[in-house]
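For reference, the structure is listed below as C-alpha cells.
The values are calculated or read from the model by the stated rules, or taken from the named source; none is laboratory data. None of the values given here were measured: they were computed from a predicted structure. Virtual Cβ from ideal backbone geometry, glycine too; neighbours counted across all protein chains shown. Accessible surface is based on the protein model in full, side chains and every heavy atom, while ligands, DNA and RNA are left aside. Shrake-Rupley method; radii C 1.70, N 1.55, O 1.52, S 1.80 Å.
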Amino acid sequence: MIPRYKAAFLFFCISANIAQAQEPDLDSLVKAEVQYVKEDTIRLKLLNDIAFFQQYVDPAKGLLYAEKAIALATKIKDDPGLARAHYVMGVDYLRMDQVSKTLEYLQKAAKMYESLKRPIDLAKVYNTIGAAYLPHSEHYKDALVYLDKAIGLYKALGDKQYLPHSILNKALLYKRMDSVGPAIQHFNEVLGLFRQYMPGNKQLEARIYSGLGDAYIQFSEAKLRATGFTGNKNDSAVYYVQKALDVFNELGSEDGKAANHRRLGTVYLAAKKYPLALQHAIRANEIARQGGFLSMEADAITVISEVYAATGRYDSAFAYLKKYVVLNDSLLNDEKERELIQNEMQYNFDKKEDSLHFQNELLSQNNTLNKLQLRQQWLYSGGALVLLLGLGGFLYYRNRNKQVKLVLQLEKERAEQKQRESEFERKVSDAALHSLRSQMNPHFIFNCLNSIKLYAVENNQDAATGYLGKFSRLMRLVLENSKSDRITLQQEVETLQLYMEMEAMRFKEKLHYQIDIADNVDMDYIELPPMLIQPYVENAIWHGLMPKEDGGTIVVAFRCEDNNLKIVVTDNGVGRARAAELKSKSATAHKSFGMSITHQRIELINQMYNTSMSVIVNDLHDGQGNATGTEVIIDIPIE
C-alpha cells in the first residue's frame with residue numbers, strides 16, 4: 001500500500017500562548033545571530049535556540065537555522081550542539097507534519113545523546129518521538145514504548161520537571177486508545193505530581209484539566225463504571241473543563257478559552273441543558289473567530305447546530321451546518337496551501353544549498369587549474385624545451401583528469417537535482433490528491449444536509465434530532481479521516497455503515513443493506529484511502545435502488561485474494577442502462593460527483609505510488625437478459 005504518515009498532532013509541554021510570548025525573544029535571538037560573526041559554541045547555541053522557537057512561528061525557517069547549526073557543530077566538532085541541532089530539526093519537521101523526517105532526525109539525536117551519556121536529553125528525545133507517534137492509531141504501541149522509555153529515565157534520574165509531561169502524554173495516549181482505566185490512572189498520577197512539585201506551572205495545570213475533561217466527555221458511562229467510578233460523568237466533565245477554563249482565562253490563552261467553552265457546550269448538550277450549551281458554544285465561536293482559530297470555530301459551529309436541532313429550531317441548525325461546510329472547505333484549502341509553501345521552501349533551500357556547494361567546488365577546481373597553468377608558464381620561461389614538453393604533457397593529462405572528474409561531478413549534481421525535482425512534483429501531486437478529497441467531502445456532507453432539511457420541513461423533531469446526532473458523528477469521522485491519505489479498513493467500514501444507517505433512516509423501507517467481511521480480512525492492519533467505497537454505495541442507492549418502487553438491497557463484501565483486498569458492492573437495482581435512461585429524462589437528476597472524483601483519486605494514487613488499484617463495474621442480468629442490478633469490484637494491493 002501507500003507509505004503515508006498522518007497529520008501529526010503535537011503534545012509538547014509548550015502551548016500556543018507561550019509561542020506568542022516567545023516572539024520578542026525570537027526577534028532578539030535573530031538580531032544577535034546576525035551581529036555575532038564568530039563561529040563558536042555561542043553562535044551554535046543561538047542557531048539552535050532560533051531553530052527551536054521557530055517551531056511556533058515558522059518551522060520551515062526553523063529548518064534553515066537547524067541546518068546551519070548542524071554544519072557549524074560539525075565544523076567546530078561540538079557533539080552536544082550537534083545532537084541538539086538534530087533534535088530541533090526533528091521538532092521543526094514534526095510541526096510541519098513530516099513525521100518520517102521527524103523520526104529520522106530524532107533517532108539520530110537519540111543515538112548521539114546515548115553515546116554522550118546525557119540521559120536527561122535522551123529522555124526528552126524519547127518523549128518527542130512518543131508524541132510524534134501518538135496521533136497514529138497504527139503506531140500506538142510505538143508511542144507507548146518511547147513514552148515508557150522517557151518516563152523510566154526521568155524516574156531513574158529523580159527528575160520532577162519533565163516527568164509529568166511524559167506521564168500526561170501517556171494519559172492522552174490511553175485516552176485515544178479508549179483505555180479508560182489506564183487513562184484515568186495516569187491523569188490522576190500527573191495531577192498528583194503537579195500538586196506536589198509544580199503547583200505554579202499553569203500550562204501543565206491547564207493541560208491536565210483539559211485532558212481529564214475530554215476523558216469524561218469521551219468515555220461512556222458503562223466504561224467509567226467498570227473502573228469503579230460512582231459519580232456523574234457529565235458533572236465530572238464540567239468540573240474539570242471549568243477548572244481548565246479558569247486557568248486559561250488567567251493565562252490569557254485565547255485558543256485555550258475557545259476549546260474549553262466548546263467542551264462545556266458539548267457536555268451541556270449531552271445533559272440536555274440547552275441554554276447553557278448554546279451560551280458556551282456561541283462564546284467559543286466568537287473567541288475562535290476573533291483569534292483566527294478555524295478548526296475551533298468549526299467545532300463550535302457543530303455544537304451550535306446540534307443545540308438548535310435539539311430545540312426544534314431546524315432553520316438555524318441547517319444554516320449553521322452550511323456555515324460549517326464552507327468553513328471546513330476553507331480550512332482544508334488553507335492547510336494544503338501552507339503545506340505546499342513549506343514544501344517549496346524546503347525544496348528551494350535544498351536546491352540553493354546544493355548549488356552553492358557545487359559552485360564552491362567548481363571555484364576550487366578552477367583555482368587549482370589556474371595555479372597549474374601559472375606553474376606551467378614559469379617552467380616554460382626558465383626551463384629546457386624537452387623538460388617543458390614532458391612536464392606540460394603530464395600537467396595536461398592531470399588537468400584533463402580533473403576536468404573529467406568535474407564533469408562527472410556536474411552530472412551527479414544534475415541527477416540529484418532531477419531527483420529532488422521529481423520529489424517536489426510528487427508533493428504537488430499529493431496536494432492535488434488532497435484537494436480532490438476536500439472537494440468530495442463537502443459534496444458528501446451536502447447530501448446529508450438535504451436529509452436533515454427534509455426532516456425539518458416535515459417538522460419531525462424526534463427523527464431530525466436522531467438523524468442530526470448520527471450526522472454529527474459521521475461528519476467528525478469523515479473530516480478526521482479526510483486529513484489522512486489512508487485509514488484502517490475498520491475506520492472505513494465504520495464510516496460506511498453509519499452512512500448507510502442514515503440513508504436507511506431517510507428512505508425507510510426502501511433501502512436495506514448488508515456488510516459481509518470474510519474471516520481472512522484483518523480490519524486493523526489493512527489500510528486504504530478514506531471515503532473510497534462510499535461514492536459507489538451512494539451511486540447504487542440513488543441510481544440503482546431509488547428508481548425502483550419497492551427499493552432494494554445493497555451488499556458490501558470484503559475478502560482477501562492473492563495479496564489483494566477485494567471489495568464488491570452489489571445492488572439489485574434497475575441497472576445502469578435504465579438508470580441512464582431515467583436520468584436523461586429528469587431535470588433534477590442526482591449527479592454522482594463523488595464517483596468521478598474517486599476515479600481521479602485512484603488514477604493519481606496509481607501514478608504517484610506505482611500501484612495497480614482498479615475498479616470494474618459489471619451489469620447483472622437474469623437468465624432472460626433482464627437487468628437485475630450492478631456490481632462494482634474494487635481491487636486494492638496489500639503489501
Return the total of residues in region 491-516 being touching a residue at least 24 places away in the same chain (Cβ under 8 Å) and over 12 Å from M531 (Cα atoms).
16
Where residues in region 504-516 are surrounded by 14 or more Cβ atoms within 10 Å (Cβ to Cβ) and among the hydrophobic types (A, V, I, L, M, F, W, C), which of them is modelled with the lowest pLDDT?
F507
Assuming E254 fulfils every condition listed in (1) crowded, with 16+ Cβ neighbours inside 10 Å; (2) under 21 Å from E480 (Cα atoms) apart from one, which condition is it?
(2)
Which pairs do you get when a residue that is within 16 Å of V555 (Cα to Cα), found in region 602-630, comes within reach of a residue that is open to solvent by 40 Å² or more (accessible area, probe 1.4 Å) and assigned to a loop (DSSP other than H, G, I, E, B), reach meaning Cβ atoms under 7 angstrom, with the pair 6+ apart or on two chains?
T628/N572; T628/D622; G629/N572
Between R263, R289, which is without any contact (Cβ under 8 Å) to a residue 60 or more places away in the chain and open to solvent by 70 Å² or more (accessible area, probe 1.4 Å)?
R289
Taking A132 as meeting all but one of (1) out of contact with any Phe, Trp or Tyr (no Cβ under 9 Å at 6 or more places or on another chain); (2) farther than 21 Å from G256 by Cβ; (3) buried (at least 19 other Cβ atoms within 10 Å of the Cβ), write down the number of the exception.
(1)
For region 232-251, give me each residue that is within 17 Å of A270 (Cβ to Cβ), part of a helix (DSSP H, G or I) and open to solvent by 20 Å² or more (accessible area, probe 1.4 Å).
K233, N234, D235, S236, V238, Y239, Y240, Q242
Check A66, A71, A32 and return the single one that is at pLDDT 90 or above, in contact with a helix residue (DSSP H, G or I) (Cβ under 8 Å, 6 or more places away or on another chain), farther than 27 Å from E254 by Cα and assigned to a helix (DSSP H, G or I).
A66
Residues located in region 191-203, provided they are open to solvent by less than 40 Å² (accessible area, probe 1.4 Å) and modelled with pLDDT under 90
M198, Q203
Condition (residue is at pLDDT 90 or above and either among the charged types (D, E, K, R) or open to solvent by less than 20 Å² (accessible area, probe 1.4 Å) (or both)) applied to region 601-623: is it met by at least one residue?
yes
Checked against (1) under 30 Å from the mean Cα position of the chain (by Cα); (2) open to solvent by 30 Å² or more (accessible area, probe 1.4 Å); (3) at pLDDT 80 or above; (4) aromatic (F, W, Y), W542 satisfies every condition except (1)
Checking the condition modelled with pLDDT of 85 or more and open to solvent by less than 10 Å² (accessible area, probe 1.4 Å), which residue from E527, E501, E492 passes?
E492
May I ask you to verify whether A557 is among the small types (G, A, S), surrounded by fewer than 19 Cβ atoms within 10 Å (Cβ to Cβ) and out of contact with any Ser or Thr (no Cβ under 6 Å at 6 or more places or on another chain)?
yes
Mind checking which helices (runs of 4 or more DSSP H) fall wholly inside region 121-218 and carry at least 3 residues that are closer than 20 Å to V238 by Cα?
163-176, 180-197, 202-218
Mind checking which residues of region 313-326 are within 18 Å of D462 (Cα to Cα) and modelled with pLDDT of 80 or more?
R313, S316
Which residues, counting only those in region 139-155, are open to solvent by 30 Å² or more (accessible area, probe 1.4 Å) and either touching a strand residue (DSSP E or B) at 6+ places or on another chain (Cβ under 7 Å) or small (G, A, S) (or both)?
G152
Per-region count, region 87-104, residues surrounded by fewer than 24 Cβ atoms within 10 Å (Cβ to Cβ) and in a helix (DSSP H, G or I):
6
Report yes if N48 is at pLDDT 90 or above and either surrounded by 19 or more Cβ atoms within 10 Å (Cβ to Cβ) or touching a helix residue (DSSP H, G or I) at 6+ places or on another chain (Cβ under 7 Å) (or both), otherwise no.
yes
